[in-house]
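Quick notes on the structure that follows.
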Amino acid sequence: MNEQSNIAVNADSEPVAFNAALAEPFNVLIVGVGGQGVIMVSKVLASLAQAHGFEVKQSEVHGMAKRGGIVFSHVRFGPKVWSPTIPKGEADVLIALEWAEGLRWLPHLKRDTGVFICDTKRIVPPFACRSRKPGAVMRYATETAEQVSAYVSEAYAIDATRMAEELGNDRAANVVLLGALSTVLEFSLPEWERTVTSFVPKKTIAVNSAAFELGRAWIAEAKTSSPTGDVAATPAPTHTPYTARLEITEAWCKSCEICVKLCPERCLTLDADRIAKLIAPEKCTGCRLCEWLCPDFAIRAHLDTEAAVMEAAR
């Protein structure tokens with residue numbers, strides 16, 4: 001594991017037990033940005049709770065969140081649930097698929113007993129850059145896991161996206177976090193596995209199952225290695241210079257021209273076959289607008305540091 005980006009704080013609690021006498025609804029808040037799978041996480045949890053006979057209320061906001069906007073989902077379950085939304089300061093668990101979104105929603109978590117599980121993934125919007133040049137200083141949350149620990153009783157900062165990438169599918173990061181969540185809530189492992197596999201595409205069951213187990217294993221290791229909460233600092237966002245590189249899958253491009261029209265640097269065009277093409281790579285800042293806005297996932301931006309380029313050339 002990458003000790004600098006996978007951190008457990010105050011990780012010495014037992015799974016939360018549920019029973020029919022649960023007086024108040026149990027509240028789980030899932031937050032992130034468009035394209036990360038926030039809604040899938042909430043549906044898995046809601047399905048599990050419903051299978052146990054709990055009344056379940058789920059509320060979500062994702063309207064304009066296509067590829068990069070804010071997404072959040074409330075899941076409440078218990079013998080009786082009246083409201084679908086979680087009051088501020090009443091979330092028992094906060095699951096965040098993006099670091100800044102996790103920090104933004106911290107006030108909704110119970111201060112004394114809340115559990116915070118967050119991917120260290122940082123999705124920095126283009127307008128957070130103080131200049132348009134690659135490597136520019138960004139206005140982005142700089143809080144570390146150590147600082148967050150002062151506000152919650154139990155916290156996990158997991159580099160779930162990197163873990164999923166190593167499995168061959170970065171979109172499985174949300175399932176890595178589900179694996180982590182499964183160690184916090186007292187639903188049986190077979191129930192978790194059966195429910196997760198029912199919500200993922202059949203062709204991705206193997207990689208998602210591996211991601212789920214990876215999340216569980218990481219939490220188990222974290223609780224063993226950091227029983228007292230002694231941790232290293234979470235790295236703050238860095239401003240290492242990089243070179244932007246676009247990967248365009250021509251077979252997926254539908255010639256909609258969204259990327260061309262909305263590119264801030266006007267460095268994209270459609271070629272003779274009406275396929276998106278980068279015509280001015282020196283102008284590309286790696287802002288990722290084209291990647292986030294492409295409805296067919298045909299564009300992916302890579303921000304290559306000098307060290308990464310040298311490593312790839314070996």
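Computed values, structure above
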item	result
Strands (runs of 3 or more DSSP E) wholly inside segment 46-108 that include at least 2 residues being at pLDDT below 90 and touching an Asp or Glu at 6+ places or on another chain (Cβ under 9 Å)	70-78
Among (1) outside any loop (DSSP other than H, G, I, E, B); (2) touching a residue at least 24 places away in the same chain (Cβ under 8 Å) - the single one Arg194 does not satisfy	(2)
Arg266 vs. criteria assigned to a strand (DSSP E or B) and out of contact with any Ser or Thr (no Cβ under 9 Å at 6 or more places or on another chain)	no
The lone exception for Asp271 - which of (1) modelled with pLDDT under 90; (2) among the charged types (D, E, K, R); (3) in contact with a strand residue (DSSP E or B) (Cβ under 8 Å, 6 or more places away or on another chain) it fails	(1)
Unique residue being surrounded by fewer than 20 Cβ atoms within 10 Å (Cβ to Cβ) and out of contact with any helix residue (DSSP H, G or I) (no Cβ under 7 Å at 6 or more places or on another chain) when the list is Glu191, Glu186	Glu186
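Listed here are the residues, each with its yes/no results for (1) modelled with pLDDT of 90 or more; (2) surrounded by 14 or more Cβ atoms within 10 Å (Cβ to Cβ); (3) in contact with a Ser or Thr (Cβ under 6 Å, 6 or more places away or on another chain); (4) under 17 Å from Glu247 (Cβ atoms).
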| residue | (1), (2), (3), (4) |
| --- | --- |
| Cys259 | yes, yes, no, yes |
| Ala276 | yes, yes, no, yes |
| Glu282 | no, no, no, no |
| Thr285 | no, yes, no, yes |
| Cys290 | no, yes, no, yes |
| Cys294 | no, yes, no, yes |
| Ala301 | no, yes, no, yes |
| Asp304 | no, yes, yes, yes |
| Ala313 | no, no, no, no |
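The values are calculated or read from the model by the stated rules, or taken from the named source; none is laboratory data. As the structure is a computational prediction, the values presented were derived from the model and not from experiment. Glycine also receives a Cβ, built like all others from the backbone with ideal geometry; neighbour counts cover every protein chain displayed.
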